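Peer 1: Have a look at the structure that comes next, please.
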Amino acid sequence: MAGRFDSNPFAEEEEVNPFSNPGRFAPATNSRLAPLNPEPADYNYGFGATVDIPLDASTVCIIKLSLLKSQDLKKKEKELQAKEAELKRREKDVRRKEEAAARAGIVLEEKNWPPFFPIIHHDIANEIPIHLQRMQYVAFTSLLGLALCLTWNILAVTAAWIKGEGVKIWFLSIIYFIAGVPGAYVLWYRPLYNACRTDSAFKFGWFFLFYLLHLGFCILAAVAPPIVFKGKSLTGILSAIDVIGDTTIVGIFYFIGFGLFCIETLISQVYMYFRGSGKAAEMQREAARGALRAAI
């Protein structure tokens, strides 16, 4: 049995000193590792170093263009600042002139009517005294009614021209509109507006004179006698009767125009109110006093 085992498992192990025989654990070959390169002083591994990159001609051109654009932007910015300062200066000048005109009693009127295309100044609610606003509104309705009558007159006469009545009556209808609407505004509506705004009886005289002419024109247009107006250039009752015998549709257009002129004549309430309000007598007294003062 003893021959089968070479050593006693219960015997103490022999202590081995690794340093007693250095050659025992040494490698078969004598090799050494290569030393590492020294680290740079800043330990950034080259990330902070300046790298010279050669630039080609296209890159240089791009850089120059960028610089030029930057200079142009600065120049434009200065120009815009100068323009803004100039606009502010002009705005101050305009405001100063408006304040000076207001102190002097000069009214600067801003065009505000019609709203979609302002061509005149019109503000009855804020500029006309409350006791005269009714008369001013009726006058304004009369002005718009005249514009409607003359516009429809152009349509009716155009239809008659198409049916063979001649081009002369169409040109006359255009002349009536061009002379009638602006003429009414300048000759009697604007004087009435200014007279109501200042509540001056003397200024009503201009309106009184030309509004009488306006009423006379409406009456003649409603009748349209051939001795006054050429052919069928106005849609009066006589022209309507003459046209409807030839063409029914054109005759209907003329009868509608006759009705519009009749309604426009009835809107003479402005004139009736003017006479009933005592403005005419007051105007005569004021004119007489002015003439007496001038004579003295």
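The values are calculated or read from the model by the stated rules, or taken from the named source; none is laboratory data. The structure displayed is predicted, hence computed values, not measured ones. Cβ placement follows ideal geometry from the backbone for every residue including glycine, while neighbour counts extend to all protein chains displayed. With ligands, DNA and RNA removed, areas are computed over all heavy atoms of the protein, side chains included. Shrake-Rupley method; radii C 1.70, N 1.55, O 1.52, S 1.80 Å.
Peer 1: Taking region 206-222 only, how many residues are more than 16 Å from Glu264 (Cβ to Cβ) and surrounded by 17 or more Cβ atoms within 10 Å (Cβ to Cβ)?
Peer 2: 2
Peer 1: As an exercise: evaluate Cys196 against (1) surrounded by fewer than 17 Cβ atoms within 10 Å (Cβ to Cβ); (2) in contact (Cβ under 8 Å) with a residue 60 or more places away in the chain and give the number of the one condition it does not meet.
Peer 2: Answer for Cys196: the failing condition is (1).
Peer 1: To continue, here is another question. Any idea how many residues of region 223-254 are among the small types (Gly, Ala, Ser), open to solvent by 20 Å² or more (accessible area, probe 1.4 Å) and touching a residue at least 12 places away in the same chain (Cβ under 8 Å)?
Peer 2: Looking only at that region, the number is 1.
Peer 1: I need the full set of residues from region 237-246 which are of a type in the set (Val, Ile, Thr) and under 17 Å from Trp152 (Cβ atoms), in order please.
Peer 2: Hits for region 237-246 are Ile237, Val243, Ile244.
Peer 1: Let me ask something else. Among the residues of region 125-175, count how many are open to solvent by less than 20 Å² (accessible area, probe 1.4 Å), in contact with a Phe, Trp or Tyr (Cβ under 6 Å, 6 or more places away or on another chain) and either over 15 Å from Asn194 (Cα atoms) or not in a helix (DSSP H, G or I) (or both).
Peer 2: 5
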